[in-house]
Each structure stands twice: as C-alpha cells, then as structure tokens.
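Comments concern the structure below.
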Amino acid sequence: MAINSIYFLPFLLLLFVAYYTVCPVKYRWVVLLFGSVFFYVTACAASPVYILVTGIVIWAAGICVERCEVRLVRYREECREIAKVQQKQAEARCKKQKKRIVTTAILINLGILTVLKYGGLLGGMLNGMFVFTGRSLPAPQFLVPLGISYYTLISIGYLIDIYKGKTKVQRNFLKVMLFLSFFPQITQGPLSRYRQLGGQLYEGHAYDYHNLSFGCQRMLWGFFKKMVIAERMRPMMQAIFDNYESYGGVTCFLGCIYMTVWMYADFSGYMDIVSGTAEIFGIRLEENFRRPFFAESLAEYWRRWHITLSSWFRDYMFYPLAVSSPAVKFGKLGRKWFGARIGKLFPSLFALSFVWTATGLWHDASVKYVLWGVANGAVIMGAMVVEPAFTGAKKFLHIRQESKGWRVFSKFRTFLLVSALKIFPGASSGQAALGMTKKFVLDLRLPGSFEEVFPGMPVEEVVILAMSLALFFFVDLFEEKRRLRESLASRPFGVRWLSYAFLLAAILCLGKFGIDMTGGFAYAQY
C-alpha cells in the first residue's frame with residue numbers, strides 16, 4: 001500500500017476510528033502496531049521476516065545491556081568497601097560486555113542490509129575475481145525489503161543510545177516492533193530517535209480537534225506537492241536523462257534543475273503527508289526539511305535537507321570518527337605538513353571522507369551514487385579549506401556577508417551547485433553521468449524549441465506547473481519568516497476553509513494519482 005494510492009485514505013480512516021473509539025487509552029499503541037504491520041505487509045513485496053529479525057536482535061541486545069548494568073549496580077551495592085581499583089575493573093568488564101553485545105547486534109543488522117541491498121554488487125565483484133580462472137558465478141539477486149535502509153539505521157541508533165546511556169531499554173518486544181515499523185516513517189523516514197518517538201507511541205492520546213485539523217491541513221499540502229507538482233515534473237525530467245544524447249548541455253542542465261525541484265516536491269510532500277498522518281494520532285515526527293533552497297552553502301543545504309539522515313551520520317559516524325585515534329594521528333600529520341590551521345581541519349576531513357562515501361552507498365550500491373557522495377564531500381571539504389581565502393576575497397571586494405544581494409546570490413549559487421550534483425543520481429549509470437558532464441562543458445548550444453525546454457509537456461501543463469511552483473515557492477518563503485500553519489489557523493473560518501477547498505480541488509482536478517499498492521515516492525527505493 002503506497003501513501004499516494006487510493007487504498008491509503010480508507011485505511012487511515014479505519015485506523016483513526018479504531019484508535020479513538022475501540023481501545024482504551026492505555027492500549028491504543030496496539031492499534032498502531034496492527035495498523036503498521038498491515039501497512040508494511042501490503043506495501044512490501046519482500047518478506048517481512050527481515051524487519052522481525054532486526055526487532056528481535058535489538059530487543060534482545062537491549063535487555064542484555066540492561067542486565068550488565070544491573071549486575072554492575074548490584075556489585076557496587078554489595079561491595080561498598082571494596083577497593084576502588086576493583087570497582088574500576090568491574091566497570092571496565094561491564095563496559096566491555098556491553099560493547100561486545102551492541103557490536104554483535106549492529107553487525108547482524110548491517111550484515112542483513114549488506115546481503116540484501118548490496119548482494120548483487122558483492123556477487124559481481126566476486127564474479128570478477130573468478131574471471132581469471134575461466135569460471136564465473138551468477139550475481140545473486142535479492143528482493144530488498146521496504147524501508148530496510150531506514151529501519152536498520154534507526155535500530156543502530158537505538159542500540160548506540162542504550163550503550164551510551166542516552167535512552168532507556170524497552171523490554172516489551174511488541175513496543176520495540178512498533179518503534180521500528182511505525183507506518184508513517186517506515187517507507188522513507190524520518191530516522192526517528194527512540195527518546196523522541198518511543199514515549200509518544202506508547203502513551204496513548206485522547207482525541208484532539210487541533211491535532212486532526214492541523215494534521216489534515218499538512219496532509220493536503222503534502223498531496224498537493226506530490227500529486228500536482230512532483231508527478232507532473234517526473235516525465236519531463238526523465239525524458240531528458242533517458243535521451244541526453246539528443247539534447248545540448250543547457251537542456252541537460254535543465255534536466256538536473258528539474259530533478260532537484262522534483263525530488264524536493266516529492267520527498268518533502270511525502271514528509272508532510274506522514275507528519276500530518278502522525279499528528280492526527282497526537283504524535284509529532286521529527287522535521288526532515290527546513291526549506292533547503294534557502295541555504296547559502298552546500299553544508300547548510302545538508303543541514304536543511306533530509307535532516308534526520310544528516311544528523312544520524314553526524315552523531316553516529318562523524319563525531320566518533322573525528323575523535324578516533326586514526327583521525328588524531330592524521331591531524332598531527334596535517335599540522336606537520338600544512339601548518340596549524342589546515343592540520344586542525346584534518347580530523348574533520350578524515351571523518352567527512354568516510355561519511356560522504358557511506359552516504360552515497362546508503363542510497364545505492366552503484367558507481368553513480370558513490371560519485372555523488374564523493375562529489376558532495378569534496379565540495380564541502382574544499383569550502384572548509386579555502387574559507388579564509390574566500391573571506392579575504394570578499395573583504396577585499398567590499399562584499400558584506402549579511403547584505404541582501406550577497407545572500408540572494410549565495411542561495412542561487414547553492415541551488416545551481418545542488419542541481420549540478422544531481423547529474424549522478426539522475427543519470428542511468430556512471431558512464432551516462434560522465435557523458436552528461438561532457439555535454440555541460442562541450443555542447444553549450446541553447447535549446448532551439450519549446451520541446452527541448454519542456455520535453456513531452458503540452459503548453460497547458462507547463463502553465464499549471466508554473467503556477468503550482470510559484471505557490472510552492474511563496475509558501476516556503478513565508479515559512480522561512482514565520483509559521484504558516486499557525487498564521488492560517490488565526491484567520492477567519494471562511495478564509496481557512498476556502499484555502500483548504502482550493503487545495504483539495506487542485507489535487508482532485510490537477511493531481512496524478514496512483515492505484516498501485518507499492519512504490520510511489522522517490523526515496524522509497526532507498
């Protein structure tokens with residue numbers, strides 16, 4: 001069942017009624033669990049066994065870590081007079097046991113992800129090794145379970161937070177499964193932290209008209225972005241990437257711009273729908289977007305785009321790597337070779353190189369996504385290195401960082417850079433990405449017809465798209481300055497409902513709906 005299929009709204013209505021009328025408040029989480037299981041089973045063509053295994057592993061690992069802590073506390077209470085040295089030894093043993101448990105559980109979950117998502121790549125590499133012997137092995141083909149990249153990272157974050165004492169262990173296995181499989185976030189995130197989401201799922205919520213109206217309001221806006229904008233842009237964008245040899249470099253770059261806008265409308269539209277869905281049940285998901293096209297640098301863009309993924313890599317990968325022994329040694333070498341300022345950056349550069357390679361691989365086990373990750377990391381790291389020279393140049397040219405003109409220029413420059421980098425995920429292969437890059441440089445002819453600018457799009461469709469994008473832009477611009485939903489809620493009844501009716505009419509009249517049970521959104525493939 002896809003979020004944008006005709007089956008989702010009846011499913012949501014039945015779940016809403018069951019949640020607020022059938023169960024006592026204390027057990028309303030059970031309704032969410034049944035709903036999430038049903039949603040996952042009907043949406044996932046692959047076996048749901050894998051998410052069940054992940055749930056069992058992190059549930060058991062969490063309890064084992066808790067038992068280590070209990071034994072340590074009991075040991076301290078029974079041996080208060082014991083020497084401090086022995087107490088420290090007991091603490092070290094406990095820490096070692098916890099680390100071994102958590103590491104084993106993480107490796108199991110990563111192993112499942114690696115085999116299912118990257119098995120074809122690994123099989124191909126193994127097959128290449130057999131070429132020299134005159135034999136070959138067929139690359140294994142696996143049906144990747146829905147949301148595995150998301151719930152694997154969520155489960156790893158849960159275990160690491162338990163290990164560090166940042167969250168409490170959940171002893172109820174069914175509640176652990178609800179946290180992993182909660183249907184609004186299972187397809188594309190957000191990557192929730194247990195300490196933020198867990199309590200909200202289990203406490204049960206009373207019916208609240210404010211939650212219902214704000215949730216439906218946000219869902220409407222999400223469906224508008226998805227159905228009216230994203231689905232209208234997809235064929236035009238795909239036509240350019242599929243036939244880039246037929247177009248000039250300018251049209252190819254337009255394809256990258258189309259993909260940037262399409263992906264934002266698609267992904268943020270999904271987030272609005274699922275955040276609104278959760279809000280109907282009194283649950284607040286973490287925000288995953290903060291108007292990324294208003295970013296003034298690539299680093300800021302990634303702090304605004306897919307926020308929960310960026311923060312996951314920051315907290316669970318970047319920080320540990322940046323303070324690791326190899327990073328410290330790397331920093332010392334940097335100070336020796338390049339001086340104190342550059343050397344100080346080396347631990348961060350060391351960590352970022354791994355983070356961005358992993359980010360590319362997380363999206364897909366292909367050359368084009370590795371190139372995309374490396375390219376993003378290279379730009380961000382390069383900006384860190386040349387920042388003093390860049391600041392000096394602005395000072396020499398009397399450019400004020402806070403001036404309106406410079407900020408507008410920085411936003412536009414960042415948008416074009418983000419669009420240019422979309423060549424990697426947009427192209428059908430790494431080779432196609434390189435081919436389009438050559439077009440950018442060597443084939444600068446301007447589009448010669450309306451068809452080259454808007455492939456496969458009738459004029460009336462372009463007009464609808466332009467008006468929809470204008471509304472999209474102004475809503476984001478308003479949101480950048482103040483909270484639109486609260487502002488709209490303060491308007492007279494007639495103004496509010498006229499706005500809702502306009503959006504609903506636009507979706508029903510102009511939207512492109514899917515009737516399939518699976519897929520539907522760009523990031524669902526990851």
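The values are calculated or read from the model by the stated rules, or taken from the named source; none is laboratory data. Keep in mind it's a predicted model, so treat the numbers as computed, not measured. Note that each Cβ is placed from the backbone with ideal geometry, even for glycine, and that neighbours are counted across all protein chains shown. For accessibility, only protein heavy atoms count, side chains too; no ligands or nucleic acids. Shrake-Rupley method; radii C 1.70, N 1.55, O 1.52, S 1.80 Å.
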Report yes if Leu174 is open to solvent by 30 Å² or more (accessible area, probe 1.4 Å), in a helix (DSSP H, G or I) and touching a residue at least 40 places away in the same chain (Cβ under 8 Å), otherwise no.
-> yes
Only unsatisfied item for Val441, checking (1) open to solvent by less than 60 Å² (accessible area, probe 1.4 Å); (2) part of a helix (DSSP H, G or I); (3) β-branched (Val, Ile, Thr); (4) farther than 28 Å from Asp266 by Cβ, is (1)
Filter the stretch 270-302 for residues that are polar (S, T, N, Q) and in a loop (DSSP other than H, G, I, E, B); the one that is nearest to Ala383 (Cα to Cα) is Ser297
Note to self: Based on this model, can you work out whether Leu352 counts as assigned to a helix (DSSP H, G or I), touching a residue at least 60 places away in the same chain (Cβ under 8 Å) and under 20 Å from the mean Cα position of the chain (by Cα)?
What the structure shows: no
Going through the stretch 16-44 in order, the residues found to be among the aliphatic types (A, V, I, L, M), without any contact (Cβ under 8 Å) to a residue 60 or more places away in the chain and farther than 21 Å from Tyr151 by Cα are Val17, Ala18, Val22
| message | With the structure loaded, tell me whether Ser155 is open to solvent by 10 Å² or more (accessible area, probe 1.4 Å), of a type in the set (Ser, Thr, Tyr) and assigned to a helix (DSSP H, G or I) or whether it fails that test. | response | no
Scanning the stretch 444-472 for residues that are among the hydroxyl-bearing types (Ser, Thr, Tyr) and either in a loop (DSSP other than H, G, I, E, B) or without any contact (Cβ under 8 Å) to a residue 12 or more places away in the chain (or both) gives Ser449
For the stretch 259-270, check the following and say yes or no: at least one residue is open to solvent by 20 Å² or more (accessible area, probe 1.4 Å), at pLDDT 90 or above and of a type in the set (Phe, Trp, Tyr). no
Taking the stretch 158-171 and keeping residues aliphatic (A, V, I, L, M), assigned to a helix (DSSP H, G or I) and open to solvent by 20 Å² or more (accessible area, probe 1.4 Å) leaves Ile160
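So that you can scan it fast, the table gives a plain yes or no per residue for (1) open to solvent by 40 Å² or more (accessible area, probe 1.4 Å); (2) in contact with a helix residue (DSSP H, G or I) (Cβ under 6 Å, 6 or more places away or on another chain); (3) at pLDDT below 85:
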position	(1), (2), (3)
Ser410	no, no, no
Arg413	yes, no, no
Leu416	yes, no, no
Gly456	yes, yes, no
The residue from Lys394, Lys422 that alone is at pLDDT below 90 and open to solvent by less than 50 Å² (accessible area, probe 1.4 Å) is Lys394
Verdict on Leu9 being free of Cβ contacts under 8 Å to residues at least 60 places away in the same chain and in contact with a Ser or Thr (Cβ under 9 Å, 6 or more places away or on another chain): no
Cβ pairs under 9 Å, 6+ apart or interchain, first in the stretch 328-346 and closer than 17 Å to Phe318 by Cα, second of a type in the set (Lys, Arg), ordered by first then second residue, are Gly331/Lys344; Lys344/Arg335; Phe346/Lys332; Phe346/Arg335
Is it fair to say Val374 is closer than 24 Å to Leu254 by Cα, part of a helix (DSSP H, G or I), of a type in the set (Val, Ile, Thr) and over 23 Å from the mean Cα position of the chain (by Cα)?
no
Of the residues in the stretch 490-499 that are part of a helix (DSSP H, G or I) and within 15 Å of His210 (Cα to Cα), the one that is most open to solvent (accessible area, probe 1.4 Å) is Phe493
